[in-house]
Ligand code: PA5
């Protein structure tokens with residue numbers, strides 16, 4: 001059961017020469033692709049890009065499943081504290097695989113698995129309101145932070161730790177906390193070792209946005225009963241395809257090349273991902289971070305200012321046909337659109353016959369929602385194509401662990417390869433770090449006094465420009 005990449009509507013034959021791409025334009029990248037492939041494979045071989053090897057972790061998967069079974073027996077609520085790459089993978093998997101109303105299901109329908117919450121923000125209302133829906137005594141908190149020092153996650157950790165201590169006492173609060181962090185570095189590791197918290201490791205060299213196949217994504221998934229071994233199998237299946245040097249047979253390389261040409265040569269600097277499935281909508285969110293944080297760079301590897309990166313936008317079919325599509329069809333010619341579509345949804349819903357005499361409505365009867373969503377997606381594709389807008393389709397035979405494993409892995413390789421095309425480092429995020437450091441300065445963290453000074457030296461905002 002393999003996902004398919006249909007790129008017909010990227011081609012000049014379908015959308016015209018101005019916006020479309022010819023086979024020979026892609027072939028022009030053969031040599032460059034060869035070099036990037038060699039570089040990636042050498043780094044992989046040397047263990048410098050460990051995200052490549054994450055599909056092959058059967059032992060870890062066993063261990064996580066065991067822990068997840070045990071946690072499920074002991075707790076009714078599983079709360080993930082983490083942000084960015086430490087949350088988006090887990091959220092994407094939960095939305096993709098689990099029941100859309102998972103937390104509202106009865107215990108029986110959840111297979112007696114805990115309800116799950118991802119607290120990936122520090123909005124005080126969002127955080128404090130969790131106490132209205134959980135019972136602390138039956139809650140397990142998974143603190144996820146690679147660096148172990150992210151202010152958002154650290155402050156959440158302090159809040160829930162304090163609550164646990166006050167409510168349950170010093171004897172048992174530790175049993176309610178699992179940490180997921182670096183094996184050696186960071187304050188969360190230090191605290192974990194001191195407290196003796198149950199913990200899982202994020203391998204060194206795997207950044208947040210490439211960590212979905214580490215315990216970051218695997219533990220929360222296993223807690224809710226997602227088959228993480230099948231997920232890894234899907235990733236491994238895609239890994240086989242992505243090791244192919246032939247760009248026409250490697251969907252990750254090919255899609256990276258298309259996006260690069262669209263961005264650099266065709267001025268399409270916005271990459272829209274539009275799943276036609278609610279289950280896949282948070283994959284678009286996950287992709288948004290991956291594509292944005294990895295490729296949005298000021299400097300290239302030669303230290304020249306390049307300001308690269310496409311802006312990723314997430315949309316949802318059919319919902320955003322009634323919100324964004326007008327812009328995509330008639331607005332600026334600056335977008336490349338990726339549909340995610342599903343051949344076989346988990347349910348089939350028939351549209352019943354009512355108001356037979358009202359022809360403008362009764363034509364729907366006898367069809368299914370499955371047919372309707374497919375017709376609407378096909379129609380959207382046709383409209384965009386007719387208007388010369390580049391669009392492609394990634395087709396899921398079904399949404400399950402195996403196919404989701406494939407797509408996530410494919411986008412990771414695509415991003416790493418695109419880093420080579422742009423000649424930037426796709427694995428760092430200096431712009432985000434700068435923001436973090438300013439926040440530390442404002443809050444008076446030791447060692448960041450210089451950032452506070454920098455802020456204080458800035459021209460103060462003018463009142464007349466705030467109305
Ligand atoms: O992808 C990334 O590197 C970031 O989004 C991080 O995951 C995010 O900033 C959280 O960092 P940490 O896991 O160190 O708390």
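The values are calculated or read from the model by the stated rules, or taken from the named source; none is laboratory data. The shown structure was predicted, so the numbers you read here are calculated from the model rather than taken from an experiment. Because the Cβ atoms are built from the backbone with ideal geometry, glycine has one as well, and the counts that use them run over all protein chains shown.
For the reader, a short list of remarks on this structure follows.
To keep it simple, each residue is scored yes or no on (1) on the phi < 0 side of the Ramachandran plot; (2) in a helix (DSSP H, G or I); (3) out of contact with any strand residue (DSSP E or B) (no Cβ under 6 Å at 6 or more places or on another chain).
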{"site": "89", "(1), (2), (3)": "yes, yes, yes"}
{"site": "92", "(1), (2), (3)": "yes, yes, yes"}
{"site": "100", "(1), (2), (3)": "yes, no, yes"}
{"site": "122", "(1), (2), (3)": "yes, no, yes"}
{"site": "153", "(1), (2), (3)": "yes, yes, no"}
{"site": "159", "(1), (2), (3)": "yes, yes, yes"}
{"site": "165", "(1), (2), (3)": "yes, yes, yes"}
{"site": "170", "(1), (2), (3)": "yes, no, yes"}
{"site": "178", "(1), (2), (3)": "yes, no, no"}
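- Residue that is nearest to residue 70 (Cα to Cα), among those in the stretch 131-151 that are assigned to a loop (DSSP other than H, G, I, E, B) and under 21 Å from the mean Cα position of the chain (by Cα): 145
- Subset tally (residues that are assigned to a helix (DSSP H, G or I) and closer than 22 Å to residue 207 by Cα) for the stretch 64-87: 4
- Pair list, Cβ < 7 Å and 6+ apart or interchain, from the stretch 213-225 residues that are closer than 14 Å to residue 400 by Cα and in the same structural domain as residue 179 (by TED's automatic domain parsing) to residues that are within 15 Å of the ligand (Cβ to nearest atom) and modelled with pLDDT of 95 or more: 221/90
- Taken together, the criteria place residue 84 among residues that are touching a residue at least 24 places away in the same chain (Cβ under 8 Å) and at positive phi.
- Filter result for the condition that a residue is within 15 Å of the ligand (Cβ to nearest atom), without any contact (Cβ under 8 Å) to a residue 60 or more places away in the chain and in contact with a helix residue (DSSP H, G or I) (Cβ under 6 Å, 6 or more places away or on another chain), over 167, 179: 179
- For the stretch 191-217, the tally of residues that are under 14 Å from the mean Cα position of the chain (by Cα) and farther than 20 Å from residue 176 by Cβ stands at 9.
- Boolean, residue 405 is within 16 Å of the ligand (Cβ to nearest atom) and in a helix (DSSP H, G or I): no
- Selected residue [crowded, with 19+ Cβ neighbours inside 10 Å and over 27 Å from residue 426 (Cβ atoms)] from 12, 68: 68
- If you go through the stretch 185-212 and keep only what is part of a loop (DSSP other than H, G, I, E, B), away from the ligand (no atom under 14 Å from the Cβ) and at negative phi, you end up with just 197.
- Among the residues of the stretch 128-146, those that are within 16 Å of the ligand (Cβ to nearest atom) and within 13 Å of residue 159 (Cβ to Cβ) comprise 141, 143.
- Residue within the stretch 151-160 that is under 29 Å from residue 277 (Cα atoms), surrounded by 14 or more Cβ atoms within 10 Å (Cβ to Cβ) and in the same structural domain as residue 179 (by TED's automatic domain parsing) present: no
- Matching residues, the stretch 415-457, being out of contact with any strand residue (DSSP E or B) (no Cβ under 9 Å at 6 or more places or on another chain) and assigned to a loop (DSSP other than H, G, I, E, B): 423, 426, 427, 428, 429, 444, 445, 446, 447, 448
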